[in-house]
Amino acid sequence: MSTDANASKVDFKDAPDGPAVDQDELQLRNLGYNQQLHRTWHLLESFAASFCAMNFIGGVRTGLFLGLLAGGPAAVWSSFLITIVFMMITALVLAEICSALPLSGSIYIWAAESAGPKHARFVGFIVAWWSCTAWMTFAAGNCQTTANYLVSQLAVWEVEFPGGISIGNVKWRALVWVISEVILVIAIAINRLPPRLYSAVFKFSMGLMIVDFLLCVIWLPIGVSKTYGLRTAKEVFTQTYNGTGAPPAWNWILSFLFTAGTLTGFDASGHIAEETKNARIVAGKGIVTSTLATGIFGFATTILFLFCTPDLDTLFSLSAPQPFVQIYALALGKGPSIFMTVLAIIGLILNTSVAIVAASRLIFAVARDGVLPLSGWIGQIDNQGQPRNAVTVMYVFGAAILCTILPSQVAFYSLISAGGVPTIAAYGLIGLLRLTKTPDHFQGSYFYLGKFRKAMYAVVALWCALITAVMLSPFFFPVTSETFNFACVIFGAVTIFGVISWYFTPEEKWLRRDQVEQVFESASHRPDGTAAAH
């Protein structure tokens, strides 16, 4: 929490009537912080932060093949429907706590306060480590995913590469690494835009995703029908497949690795809460609406691609790092495939830029609370009201993570696979803590869940526990040194680092008891300043 001991508490009931931004500043002061970041964004930007970070069409293109390996088409569409339902419940639970605590770096503060003052500090340290790991690896992974689209054109045009197009070829890995690093620089550069211009980036990114979707809906089926042919309804809705070697039941459940992964990251709206007007209402709306929109568009895209992909034997024989580039070439021709590839690359670069927005606000919040080395420098705000130095830190860590591509692609993939685990684990922990520690608090939330809250907290805890188990599970069986999922090791190590940080960091440095209690008490009040009944 804030180290400003002079931050005073202001009752909303004593505040003069004024625009939403005045109420935002008063609520921020009640929570122990002073307004530092610009506050110029609205519901559209809040929605876009999560909607673009999840990137429904990019996420489906990237993960669909994992779902097809685990259960086949029947598992993919059915698991997606289940995921929409449970992720919507998760989004509602996070919107409830977000409304009470609309702060930058939201998720670790949500978790800390959900634990109550006694355990807040311990939980806050662990979830802060989880969240920083998740968002930083997510941004780095996006850069490598984007690079795969570009280099896949070499396979489409049958360009010979020294040593072959293979992750076992160090020259190939070096090429992918260089391109990934360049993409990261571009995404970071976009984050240097002033807030009002970055608002246009949000809007352009959303527009580009819809254009990409519409082209796939209209152009791709026509091309497929004239070439290798559409899949039948029977194939799409009933065909099963076991490409993982897991027992049949677990093989099917592994399909949630794709569906849940596509719908993870909606907490981004909360991370920009201090830059959003009327944040108490708007940030929660951004979480809920972006999750619903991503679920609907993601499911529609999944069904579309299930009808438009080649048969599974052909699909799994494609050699490009991003098979969709070859699918576009087979269906539309080599020339048009370049256009679709460029569209996907631009979309992913913007997607990465939005992820950096969320990640940098998280880093800023942790630094503002004083726990990071060089916190004073990292937590500085530029004259545009942006955490410019936190963005620089994001670049340094992202560039370092990408360097793991060079010695071993397996090492890099292990880092990236670990990226989704901490976020889902944090969602589930918040649900569990709300159920067991603070079920009757934060009743002043605009999204208060009322009599259904305890059931929803329990559902979120159980659902996220299942998805965490899926993400930590080996994907291919039998398990060997080459197929072992190091996500469990990385997640365990990050958790241990969080515990060590909690143990050795003096209480007066971060999350002091009096600060925790101030936030807890303030978040339990209604906007008019009256205490909610517990």
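A few notes on this one:
- Among the helices of the chain, those built from whole DSSP H runs whose Cα atoms reach 20 Å or more along their own axis and whose mean Kyte-Doolittle hydropathy is at least 0.5 are 72-100, 120-156, 170-190, 195-226, 279-308, 334-368, 388-402, 409-436, 453-472, 487-504.
- In the distance distribution for the range 288-356, Cα-Cα pairs more than 20 Å apart total 43 percent.
- Accessible surface of the range 271-319, 1.4 Å probe, proportion on carbon and sulfur as whole %: 64
- Computed Rg/Rh of the range 175-328, alpha carbon atoms with Kirkwood Rh: 1.02
- When you restrict to C-alpha pairs under 8 Å that are six or more residues apart and normalise by the size of the chain, the relative contact order lands at 32 percent.
- Based on protein heavy atoms only, the chain ends up with 37 Å² per residue of surface accessible to a 1.4 Å probe.
- Counting only protein chain heavy atoms and rolling a 1.4 Å probe, the accessible areas of Glu235, Glu507, Glu45, Glu160 rank, largest first, as Glu160, Glu507, Glu235, Glu45.
- Alpha carbon convex hull of the chain, projected area averaged over orientations, nm²: 23.4
- Counting protein heavy atoms only, the range 431-496 has 72 percent of its accessible area on carbon and sulfur, 1.4 angstrom probe.
- What the Cα convex hull of the range 174-246 gives, in volume per residue, is 211 Å³.
- With a cut-off of 12 Å between beta carbons, the residues surrounding Gly229 carry a summed charge of 0, where Lys and Arg count +1 and Asp and Glu -1.
- Projected label points at Phe237 and Gln380, each 7 Å from Cα along the beta carbon direction, are separated by 6.1 nanometres.
- Relative to the current alpha-carbon distance between Val159 and Leu315, full extension at 0.36 nm per residue lengthens the span by 54.1 nm.
- Over the range 90-220, the ratio between the Cα radius of gyration and 2.2 N^0.38 Å evaluates to 1.47.
- Backbone N under 13 Å from the Leu230 label point (7 Å along Cα→Cβ), restricted to the range 289-330: 303-309
- Residue-count net charge about Pro387 - beta-carbon cut-off 9 Å; Lys, Arg +1, Asp, Glu -1: +2
- Filtered chymotrypsin sites (Phe, Trp or Tyr not before Pro), the range 142-244: DSSP coil and at most 12 other beta carbons within 10 Å: Trp157
- This model, with +1 at the C-beta of Lys and Arg and -1 at the C-beta of Asp and Glu, gives the chain a dipole about its Cα centre of some 340 debye.
- For the chain: lysine pairs under 19 Å (alpha-carbon distance), excluding those fewer than 8 apart on one chain: 8
- Across all Cα atoms of the range 31-78, the radius of gyration (one decimal) and Dmax (whole number) stand at 18.3, 52 Å.
- Applying 1/(1 + (r/R0)^6) with R0 = 51 Å to the Cβ-Cβ distance of Asp440 and Val489 gives a FRET efficiency near 0.85.
The values are calculated or read from the model by the stated rules, or taken from the named source; none is laboratory data. Note that the structure is predicted; figures quoted are calculated from it, not measured. Because the Cβ atoms are built from the backbone with ideal geometry, glycine has one as well, and the counts that use them run over all protein chains shown. Each accessible area value is taken on the protein alone, full model and side chains, heavy atoms only, with ligands, DNA and RNA left out. Shrake-Rupley method; radii C 1.70, N 1.55, O 1.52, S 1.80 Å.
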